[in-house]
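The values are calculated or read from the model by the stated rules, or taken from the named source; none is laboratory data. The structure displayed is predicted, hence computed values, not measured ones. FYI the Cβ positions are ideal-geometry reconstructions off the backbone, even for glycines, and counts take in every protein chain you see.
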Amino acid sequence: MSIEERLNYTFKSQTLLNEALSHPSLSSEIRPAPPDNQRLEYLGDAVVELVISTHLYHRFPEFQEGVLTKLRASVVSKPALAAAARTIDLGSALFMSNGESGSGGRNRDSNLADALEAMIGAIYLDSGLEAAIEVSLQLLSNQLESLNPKRSQGNAKGELQEILQKLTPEAPSYEVISEEGPPHDRTFVCEVTWRGKPLGQGSGPSKKSAEAKAAQAALTTQIWKS
């Protein structure tokens, strides 16, 4: 099955499709380098935010900006977008260097999330906003269905632990995997794992906030079910 069949969308411009599927690593092996998907990813990021923002605005008329922002962040996070990309096996369709492919690039969250956004950007240019809306909502339907507004107002870490400990007594564990920035403006990246399996990552200005974001990402993607 082709990527267009998996998307349930047929491109008018194959050039746009090929660009959306082209990872920047191709420049290391092909001269002159073909256009990569970074510009389309930039555009698609904005389109996806607009689509999800509009969807949440109408779906949750009782919520104010803060809760809506947190709900949107859980849907358009890198792990959530990567999970959506995996449902259509987007990684297998990407054009990338042998080195990037050999190092696990076809299953890397950042590559998958960027390619998904690039695909949405390409569809927007190919057929307009309505087509981009339809495909975006279809691709992110699992993430939208699993949204829990209470999670955005409460304790994501507690909710995740409660869910997982219904399956096994083992609790999830959190680890800071990177720190960036000066001491007065640090950004922490945290990963939550359970039974040796990574469930999600999150970043924030403190370890606590990064752990909460990681838990939210895990609750959105629900990798433990796979």
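So, in the stretch 130-170, how many residues would count as being touching a residue at least 12 places away in the same chain (Cβ under 8 Å) and more than 29 Å from residue 53 (Cβ to Cβ)? Here the count works out to 4.
Would you tally the residues in the stretch 96-115 being touching a residue at least 60 places away in the same chain (Cβ under 8 Å), in contact with a helix residue (DSSP H, G or I) (Cβ under 6 Å, 6 or more places away or on another chain) and over 18 Å from residue 140 (Cα atoms)?
First, the residues of the stretch 96-115 that are touching a residue at least 60 places away in the same chain (Cβ under 8 Å): 96-100, 105, 109, 111, 114-115.
Now narrow it down to the ones that are in contact with a helix residue (DSSP H, G or I) (Cβ under 6 Å, 6 or more places away or on another chain): 96-97, 100, 105, 109, 111, 114-115.
Pick out the ones that are also over 18 Å from residue 140 (Cα atoms) and you get 96-97, 100, 105.
Number of matching residues: 4.
Before we move on, is residue 114 out of contact with any Phe, Trp or Tyr (no Cβ under 8 Å at 6 or more places or on another chain), under 17 Å from residue 219 (Cβ atoms) and buried (at least 17 other Cβ atoms within 10 Å of the Cβ)? Break it down into steps so the answer makes sense when it comes.
Numbers: out of contact with any Phe, Trp or Tyr (no Cβ under 8 Å at 6 or more places or on another chain): yes; under 17 Å from residue 219 (Cβ atoms): no; buried (at least 17 other Cβ atoms within 10 Å of the Cβ): yes.
So residue 114 fails the test.
So, residue 100, is that one acidic (Asp, Glu), in a helix (DSSP H, G or I), farther than 21 Å from residue 26 by Cα and over 14 Å from the mean Cα position of the chain (by Cα) or not? Against the criterion (acidic (Asp, Glu), in a helix (DSSP H, G or I), farther than 21 Å from residue 26 by Cα and over 14 Å from the mean Cα position of the chain (by Cα)), residue 100 does not qualify. The lone criterion from (1) at pLDDT below 95; (2) surrounded by fewer than 18 Cβ atoms within 10 Å (Cβ to Cβ); (3) not aromatic (Phe, Trp, Tyr) left unmet by residue 134 is number (1). Within the stretch 1-55, the set of residues being crowded, with 21+ Cβ neighbours inside 10 Å and touching a strand residue (DSSP E or B) at 6+ places or on another chain (Cβ under 6 Å) comprises 22, 36, 37. Do you know which residues across the stretch 180-205 are surrounded by 12 or more Cβ atoms within 10 Å (Cβ to Cβ) and more than 22 Å from residue 76 (Cβ to Cβ)? Matches in the stretch 180-205: 186, 193, 194, 195. Within the stretch 171-226, being free of Cβ contacts under 8 Å to residues at least 24 places away in the same chain, among the charged types (D, E, K, R) and closer than 17 Å to residue 108 by Cβ holds for one residue alone: 191.
Of the residues making up the stretch 87-96, those that are out of contact with any Leu (no Cβ under 6 Å at 6 or more places or on another chain) and over 20 Å from residue 222 (Cβ atoms) are 92, 96. Give the stretch 123-178 a look and list any residue that's closer than 18 Å to residue 190 by Cβ and part of a loop (DSSP other than H, G, I, E, B), or say none. Those that are closer than 18 Å to residue 190 by Cβ and part of a loop (DSSP other than H, G, I, E, B): 155, 171, 172.
Tell me, please, whether a residue that is among the β-branched types (Val, Ile, Thr) and assigned by TED's automatic domain parsing to the domain that holds residue 15 can be found in the stretch 147-163.
Narrowing the stretch 147-163 to residues among the β-branched types (Val, Ile, Thr): 163.
From what is left, the residues that are assigned by TED's automatic domain parsing to the domain that holds residue 15 are none.
The answer is no, given that none of the residues of the stretch 147-163 is among the β-branched types (Val, Ile, Thr) and assigned by TED's automatic domain parsing to the domain that holds residue 15.
For the stretch 193-205, the criterion of being touching a Pro at 6+ places or on another chain (Cβ under 6 Å), among the β-branched types (Val, Ile, Thr), under 27 Å from residue 88 (Cβ atoms) and in a strand (DSSP E or B) is met by no residue.
Only one residue in 17, 68, 50, 40 is at pLDDT 95 or above, over 17 Å from the mean Cα position of the chain (by Cα) and not in a loop (DSSP other than H, G, I, E, B), so which one is that? Steps first, please.
Values: 68 fails: at pLDDT 95 or above; 50 fails: over 17 Å from the mean Cα position of the chain (by Cα); 40 fails: over 17 Å from the mean Cα position of the chain (by Cα).
It is 17.
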